[in-house]
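Student: Let me begin by handing over the structure; questions about it come next.
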Amino acid sequence: MKIGFTCILLVFTSLFSVYAQEATMPTESVLERERQKELKEVKRKVDKREKKEKKEARLEKEAEEAEKLKKKIASTEKGISKMEKQLQSIQEKMEKDLQKGKLSPNDIEKLNKKIEKLNTKLLKEGKKLEKLERKK
């Protein structure tokens, strides 16, 4: 009887301990929910990081474009000043040669055409410069 009682007690104790362990262990649905939470958290962090990287890339690109724009403006201004100097030197040369009487009517016509071309180029470059400065 003692042995039978101890066996029954042992069986009940083992069953109770197994039941107690099952009760304390989280079920699969709880584990799944936790896993889903972790996945969402990781995904949110990755999305945040990607957003930040995109923003940095966009800012970097804008800075590069601004630098290119500055260079274009400087180049255009330099071209305009060069054309103005060229125009001025042609006009001065024409005046000197006219005073000395070295220019034929054909030469005068050629120089005037050259001056007109430079003036039109200056106007185009001036408009181009205005557009570039508006983009700034």
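Read-outs throughout are calculated quantities, based only on the coordinates presented, and are distinct from any laboratory measurement. All of these numbers come straight from a predicted model, not from anything done at the bench. We place every Cβ from the backbone using ideal geometry, glycine too, and count neighbours over all the protein chains shown.
Student: Determine the sum of side-chain charges near residue 39: Lys and Arg each +1, Asp and Glu each -1, restricted to other residues whose C-beta is under 13 angstrom from that of residue 39.
Tutor: Working: positive: 33, 35, 37, 40, 43, 44, 45; negative: 32, 34, 38, 41, 47.
Every neighbour counted, the sum reads +2.
Student: How charged is the neighbourhood of residue 76? Take every other residue with its Cβ under 9 Å from the Cβ of residue 76, and add Lys/Arg as +1 and Asp/Glu as -1.
Tutor: Local charge sum for residue 76: +1.
Student: Okay, moving on. So how do 63-73, 49-59 stack up, highest first, on mean other-Cβ count within 10 Å? Could the numbers behind the result be given before it?
Tutor: Details: 63-73: 11.7, 49-59: 10.0.
Most protected by this proxy first, the peptides run 63-73, 49-59.
Student: What is the percent of Cα-Cα separations in region 30-136 that go past 16 Å?
Tutor: Here the tail beyond 16 Å accounts for 73 percent of pairs.
Student: Report the gain in length on full extension from residue 44 to residue 95: 0.36 nm times residue separation, minus Cα-Cα distance, nm rounded to one decimal.
Tutor: Fully extending the segment from residue 44 to residue 95 adds 10.8 nm.
Student: Looking at the P(r) of region 56-95, how many percent of alpha-carbon pairs lie beyond 13 Å?
Tutor: Of all Cα-Cα distances in region 56-95, 64 percent exceed 13 Å.
Student: Given the alpha-carbon gyration tensor of region 71-134, what are the semi-axes of its equivalent ellipsoid in whole angstrom, ordered largest first, with each equal to the square root of 5 times an eigenvalue? Don't skip to the end; give the middle numbers.
Tutor: Details: eigenvalues 182, 25, 7 Å².
Whole-Å semi-axes of the equivalent ellipsoid: 30, 11, 6.
Student: If the limit is 30 Å between Cα atoms, which of 78/135; 45/71; 70/96 go over it?
Tutor: 45/71; 70/96
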